[in-house]
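Before any comments, here is the structure.
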Amino acid sequence: MDLDLAAAYERCRDLHRQHGRTYYLATRLLPAWKRRHVHALYGFTRYADEIVDRTEALPSAERAALLDDWGGRFVAGLHGEPVDDPLLPAVLHTIAVFDLDREDFASFLKSMAMDLTVTSYRTYDHLLDYMEGSAAVIGTMMLPILGSSNLLAAREPARQLGFAFQLTNFIRDVAEDLDRGRTYLPDEDLAEFGVTRDDLLACRAAGRATEPVRELIRYEVTRAQAHYAAAAPGVVLLDAGSQSCIRTAYLLYGGILDEVAAQDYDVFAKRATVPQRRRMTVAARALLAPTGAPVALPGPSILHLSSPQMPHRG
């Protein structure tokens with residue numbers, strides 16, 4: 001491996017270690033040869049996210065131009081042109097090694113561009129359209145790297161796991177997203193529980209959630225649980241060497257929902273995080289779990305739901 005490519009992989013690993021602690025811990029359970037490729041995909045998604053979320057002082061048009069420029073360099077690299085970038089060589093190499101679907105990357109960049117102009121989503125279907133590019137495609141990008149004896153059967157669970165992780169983040173980060181001028185919880189859900197965006201902002205200011213907001217969050221947790229339930233069968237379809245990694249990520253991200261429930265669904269009182277001791281215990285147990293063992297569904301009382309898009313309230 002040449003020095004520039006090795007440096008690009010190292011840059012991606014650094015981004016992963018700094019910003020994706022939960023997933024980085026899980027990735028350490030992968031066979032060594034797979035890790036750098038997962039770091040490369042994380043680096044790609046994180047860097048695009050940084051362009052969108054860490055340039056807020058700039059006008060929207062300038063932020064869009066930065067994203068377009070970086071996306072253009074990526075596309076040029078896909079066509080074999082030289083790329084002057086600290087991490088794209090690693091991404092391009094990973095795409096070539098596994099023949100990853102280029103459309104997944106285009107969908108991802110499209111969703112990142114939406115964050116520059118879209119501040120809310122009217123329905124859950126509209127949010128799913130966004131999450132298709134920001135989350136579901138991450139699952140399908142990862143799948144060839146993780147490996148499976150039945151890639152076709154594993155594809156939909158991989159997409160569902162992307163949805164589950166993304167929605168977990170949206171639930172946990174309601175306050176932070178408000179600070180960026182965004183609400184990812186659908187407008188129709190807010191209306192159903194008698195909650196307005198101003199109510200969410202008031203909760204942010206007060207540092208605590210009202211009862212209607214807690215009920216809204218409880219509902220969104222059941223929605224995320226349904227995605228986890230749809231994703232669970234895919235874990236055992238992965239190559240044996242990849243199961244402990246995804247099992248760990250599944251349980252740690254799902255554990256965030258446990259923490260949200262433990263604080264009575266008040267995501268404004270504090271940021272829900274899985275304690276370090278539990279994180280290490282989960283990783284150790286995942287490593288020792290026999291190949292093919294089913295994963296435990298997250299949440300205090302997982303609902304048996306027929307559809308991951310519209311769970312019943314109960």
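The values are calculated or read from the model by the stated rules, or taken from the named source; none is laboratory data. Remember, it's a predicted structure, so these values are computed and weren't measured experimentally. Reconstructed Cβ throughout: ideal geometry from the backbone, glycine too, with neighbour counts over all protein chains shown. Remember, those area values only see protein heavy atoms, side chains included, never the ligands or the DNA or RNA. Shrake-Rupley method; radii C 1.70, N 1.55, O 1.52, S 1.80 Å.
Summary of values
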| read-out | value |
| --- | --- |
| Nearest-10 value in Å² for the accessible area of K270, using the 1.4 Å probe | 130 |
| Cleavage-rule hits, trypsin sites (Lys or Arg not before Pro), region 171-207, DSSP coil, Cβ neighbours within 10 Å at most 13 | R180 |
| Probe 1.4 Å, accessible area per residue of region 170-248, Å² | 34 |
| Hydrodynamic radius (Kirkwood) for region 35-95, which is based on Cα pairs only, to one decimal in Å | 12.1 |
| Coordinate range along principal axes, alpha carbons of the chain, Å, largest first | 57, 52, 34 |
| Accessible surface of region 28-81 [probe 1.4 Å, protein heavy atoms]: carbon and sulfur percent | 53 |
| Relative contact order (%) - criterion: Cα under 8 Å, at least six apart; region: the chain | 19 |
| Probe 1.4 Å, accessible area per residue of region 1-155, Å² | 47 |
| Size of charge dipole - the chain - debye, nearest 20, with Cβ of Lys, Arg +1 and Asp, Glu -1, no other charges | 1380 |
| Relative contact order (percent, whole number), region 113-215, Cα cutoff 8 Å, 6+ residue spacing | 32 |
| Gain on full stretching of the segment that runs from H126 to T273 - 0.36 nm per residue minus C-alpha separation | 50.1 nm |
| Per-selection Rg to Rh, region 139-292 - Cα, Kirkwood hydrodynamic radius | 1.03 |
| Inter-probe distance in nm under a simple model that places probes 7 Å from Cα toward Cβ, at T196 and D179 | 2.5 |
| Farthest toward positive dipole pole in the chain [+1 Lys/Arg, -1 Asp/Glu at C-beta], among S111, A224, Q263 | Q263 |
| Residues listed by number, region 154-190, amide nitrogen under 15 Å from T119 label point at 7 Å toward C-beta | 177-185, 187 |
| Projected label distance in nm at D4 and D264, using a 7 Å step from Cα toward the beta-carbon | 5.8 |
| Descending principal axes extents, region 1-134, alpha-carbon based, whole Å | 45, 33, 29 |
| Net length gained if the chain between L287 and A76 were fully extended (0.36 nm per residue, minus Cα distance) | 72.0 nm |
